[in-house]
Each structure stands twice: as C-alpha cells, then as structure tokens.
Amino acid sequence: MIADLVVGRAGSAEGTTLLALGAEHAAFEHLPCRASQQPSALTAALEGDSPLLYAWIANLGDEALGYVSATLDFSTLDGARYLHMDCLYVRDAWRGQGVGLRLWQAVHAFAQAHHCAAIQWQTPWWNVDAARFYRRLGANEAPKLRYCLPLDPG
C-alpha cells in the first residue's frame, strides 16, 4: 500500500486529468476514446447536485495514478437502485500496490451511502488480472454479451 495515496472525488476542475487517464484506459483496452472530442461534455457531466457521472482520482502528490467512474441507475428486475461502475483504471506502473483497492473502496462507500442494492460493471474477457482482482473483492461473474449501437448525436 502507498502511504501518501489520496483518493478524491473528481469535479469539473479535474476534467483534463480524467480525459488523460481515460485515453490511457481506452488504449489499454484497445477501445476508441471520443471524450477528447467533447471535453466540455465530460466536465459538465461531473457538475451539479445530481451529476450524470461520479469519478474519483487516486493521486500521489501531483501524479494521477488511476481513476474510477460510475453512474447511478435503477434495475427493473431488482426494483432497486444500483451503481454502474463504468471504469476502474490504474496506470501500469502502479498496479499491484493497492491503488485499485483504494479506488474500489471509494466507489463502494459511495454506493452504500446512496443505498444501492448492487454494483455492476464489466471488464474485457482477456483482462485476467482485473478478473482476479474482482473475484478477490467477492464479486461474481455474470456471463453476458455486451452490445453497443453508436448513434448519430445530430
């Protein structure tokens, strides 16, 4: 564990840092990253009393080591609120040092404070390190297919 690690809630002021970490995360997962095309949309999503997006950044001094982001949602089948963890990413050099666990603890505490019945997320099938980490947290896998249909924003 890193003694001086600070995990803090990200607001619009941290948008640039979140964009950079998100771009690294997308490259790691071999995914497109369109957030940099509309940075104001990301920062706006973090603002207000009921933001669209909640995020936390792990920092060691001035260096951002990773982030976690989430949204609050409602499950038709459970009839309850849940937290969807959209991203949890730790920079390669900092993996295995407790950064992911600290980020997880932040999002878990937030879900509990908001009376969520569950936390849901996905990870690529090939990311065995992430799967092992999530299993150690006590999470169960739910095999499903994930679909994405891009829409024209116009």
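Every read-out reported here was derived from the displayed coordinates using simple, explicitly stated rules and does not represent laboratory data. Values in this document were obtained by computation on a predicted structure and should not be read as measured data. Ideal geometry is used to build each Cβ from the backbone, glycine not excepted, and the neighbour counts take in all protein chains shown.
Structure notes:
- Hits in the stretch 52-79 - residues which are hydrophobic (A, V, I, L, M, F, W, C), over 30 Å from Met1 (Cβ atoms) and in a strand (DSSP E or B): Phe74
- When each of Trp104, Trp94 is tested for being surrounded by 13 or more Cβ atoms within 10 Å (Cβ to Cβ), among the aromatic types (Phe, Trp, Tyr) and under 13 Å from the mean Cα position of the chain (by Cα), the lone residue that passes is Trp104.
- Flag for Val99 being surrounded by 19 or more Cβ atoms within 10 Å (Cβ to Cβ), β-branched (Val, Ile, Thr) and under 14 Å from Arg9 (Cα atoms): no
- Within the stretch 127-154, considering residues that are part of a loop (DSSP other than H, G, I, E, B) and among the aliphatic types (A, V, I, L, M), the one farthest from the chain's Cα centre (by Cα): Leu151
- Test: residue in the stretch 12-30 that is in a loop (DSSP other than H, G, I, E, B), surrounded by 13 or more Cβ atoms within 10 Å (Cβ to Cβ) and more than 13 Å from the chain's Cα centre (by Cα): yes
- Residues in the stretch 37-59 that are surrounded by 13 or more Cβ atoms within 10 Å (Cβ to Cβ) and among the hydroxyl-bearing types (Ser, Thr, Tyr): Thr43, Tyr54.
- Considering the stretch 52-81, and only residues there that are touching a Leu at 6+ places or on another chain (Cβ under 8 Å) and aromatic (Phe, Trp, Tyr), the residue that is farthest from His114 (Cα to Cα) turns out to be Tyr67.
- Qualifying residue in the stretch 38-51 (condition: in a helix (DSSP H, G or I), farther than 24 Å from Pro150 by Cα and charged (D, E, K, R)): no
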